[in-house]
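Encoded as structure tokens, the structure appears first; notes follow it.
Throughout, read-outs are computed from the coordinates displayed, never taken from laboratory work. Keep in mind that what you see is a predicted model, and the values were worked out from it rather than measured. Every residue, glycine as well, gets a Cβ built from its backbone with ideal geometry; the counts of neighbours run over all protein chains shown.
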Amino acid sequence: MNSGRSGGKARPLGAVACGHPQTAAAAEEILAEGGNAFDAVIAAFCASCVAEPVLCSLGGGGFLLAQSSGREALLYDFFVQTPRGRKPLQALDFYPILADFGTATQEFHIGLGAVATPGAVRGIFSIHRELASLPMKRLIEPATRLAREGVTVRPIDAYLFQVVAPILTAKAGPRSLFTGPDGALLAAGEPFRQPRLADTFEALASEGEALFYEGDLAEQLVALCRAEGGLLSAADLANYRTVKRKPFVTHYRSAEVVTNPPPSCGGILIGFALGLLAEASLHRMDARSEERLLLIARVMDLTNKARVEARLEEASGEAEEAAAAARLFDPSLLERYAAEVAGQGSFTRGTTHISVVDAAGNLAAMSLSNGEGCGTHLADSGIMLNNMLGEEDLNRGGFHRWPRDSRLSSMMAPTLATSAEGALFAIGSGGSNRIRTAILQVLTNILDHGMSLGKAIETPRLHLEADIANLEKGLVEGADRLMAERGCRTIDWPAHNLFFGGVHGVARHPDGSFTAAGDPRRGGAAVIV
């Protein structure tokens, strides 16, 4: 794992944790120049589009949970939006592919008919206007340079290329980038360059967000969708806005936890699980005990059931999603499930995360996703467009039944926490449905068991869903037996695996020192500046 804590260095400038060393280097460069945490997270996002191309793109979306020093936290929602219009299914470029994870396959739907209105470009410019201190041109420079010079493919990158090979080789644009002269996908150790994306970054630095939403790129995207079976219109792009939301706040063990509010459900499900644990004695249990494992499993199971009872899956549109969230936190429902805890009564979407803290105490937790990508680049821009309308877990009612012109929900849950001792944490994770269980376990490792940030992230994890218990090696002796006794089918993972998410976190301690840790499951990187 890549982690560390500041100590001997006088007056450190900040800390960064994310999914790639080059993503971290971009943020480090900006912090060293005097930029704040929000400058750094914008630079890191742009670099992530280059260094983590399967997980992050200008054609996707995400969330920033931002806390300026001395102010309340604010959530910037720049996730994708459903189109304003529909077309008959037979008129859409929309088809299934199989992603091969080696031990299992998973079906995804791609094509231009799977593309929702991207929010990433609007999002970073909105954040820049309100929170950043350096010019946007300067923040984009590290990514532009990286795209031209290239990044070396890591083993985890090569693995992801193989997993989504049908997407990366579907069309000429992506295929020319991700394969070599022999037609094979790039392998670990080979250089990966994106000169067209570098040109796009330079154009964005010069022309601003209008390039994507009203200018040449917008016109090209609308023409592409019109000609080849997509749904996006000029109105979809021109009317897209970043939405600022009041975060969801809960308290646990004298700590304050702040996370993503509705219409996304990942944050409130973390809050619900913490509410169930609040009256239990988790902090008195050994972190590797059978008792703790069974309690965490029980809470995961009950949170899944409460999600169904509150009808979170049936909600469509922000008003219904807010009502479903209110049902989830109805005192009678929470008390009933908490009583069950006390009495023991009755595959991977492309996501990445960046956490930054600076010396002034500003915190930035940014979670990002492009789905798996739709298989098509936006003209010659080098931008892989998202496939969020082809994500089964974002379209529970069936494909192309979404409410028009509405934010899609997400499991992404950038999270801030303040411990009873005054330490400030910014964390988040990739991993689709595993996001909330990964963050829950890291939080309880820190707040209940006093683990360091690095150890809290590295500790083996459980993920329980639909009576299937996924168990990382080293979790608890006899974990498979314990889960089988409670009626679960068990899947034993022989080592750390990206299935269990990738939690990247930073902390600022009361003495002014910093900690940063990247998750080894997803090639995480961390740096103290």
*Setting aside same-chain residues fewer than 8 positions from K455, which aspartates and glutamates have a Cα under 18 Å from its Cα?*
D286, E472, D519
_Separation of the I491 and K246 label points, Cα + 7 Å toward Cβ, nm_ = 4.0 nm
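Percent antiparallel among DSSP beta bridges with both residues in the chain, to the nearest 5?
Working: 74 of 81 bridges.
In the chain, approximately 90 percent of DSSP beta bridges are antiparallel ones.
By how many nm would the segment from Q106 to D286 lengthen if fully extended, with 0.36 nm per residue of separation less the alpha-carbon distance?
On the way: separation 180, 0.36 × 180 = 64.80 nm, distance 3.65 nm.
Extending this stretch completely gives an extra 61.2 nm.
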*Give or take rounding to whole Å, what are the principal axis extents of the alpha carbon atoms in region 403-529, in descending order?*
48, 47, 28
*asked:* What's the magnitude of the charge dipole for the chain around its Cα centre, counting Lys and Arg as +1 and Asp and Glu as -1 at the beta-carbon? Answer in Debye, nearest 20.
replied: 340 debye
*What FRET efficiency, computed as 1/(1 + (r/R0)^6) with R0 = 35 Å and r the Cβ-Cβ distance, is obtained for L89 and A172, rounded to the nearest 0.05?*
0.85
_³J(HN,Hα), Karplus 6.51/-1.76/1.60, whole Hz, each residue of region 169-180, x for Gly, Pro_ = 10, 5, 10, 4, x, x, 4, 5, 8, 8, 10, x
*For T179 paired with A203, estimate the spin-label separation in nm (one decimal), with each label point 7 Å from Cα along the Cα-to-Cβ line.*
2.5 nm
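So if each residue of separation counts as 0.36 nm, and I subtract the Cα-Cα distance between Y159 and Q220, what length gain in nm does that give? Provide the component values of the computation, followed by the final result.
Numbers: separation 61, 0.36 × 61 = 21.96 nm, distance 3.18 nm.
My answer for the length gained is 18.8 nm.
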*Two decimals is fine: what is log10 I(q)/I(0) at q = 0.12, 0.16, 0.21 Å⁻¹ for region 339-476, from a Debye sum with one equal scatterer on every Cα and no solvent?*
-0.67, -1.04, -1.32
*Using θ = phi - 60° and the Karplus form 6.51 cos²θ - 1.76 cosθ + 1.60, what ³J(HN,Hα) does each residue of region 252-267 get, whole Hz, x for Gly and Pro?*
8, 6, 6, 9, 9, 10, 10, 8, 5, x, x, x, 6, 10, x, x
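Can you show me the helix-derived [θ] at 222 nm for the chain, built from DSSP H runs with n ≥ 4 at -39,500 (n - 2.57) apiece and divided by the number of residues, rounded to the nearest 500. Please report the intermediate quantities before stating the final value.
Details: 18 runs with 191 residues, N = 529.
-11000 deg cm²/dmol, from helical runs alone.
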*Just need log10 I(q)/I(0) for the chain at q = 0.09 Å⁻¹, Debye formula, equal scatterers on the alpha-carbon atoms, no solvent, rounded to two decimals.*
-0.59
_Suppose we look only past 16 Å in the calculated P(r) of region 20-126. What percent of the Cα-Cα pairs does that tail hold?_
70 percent
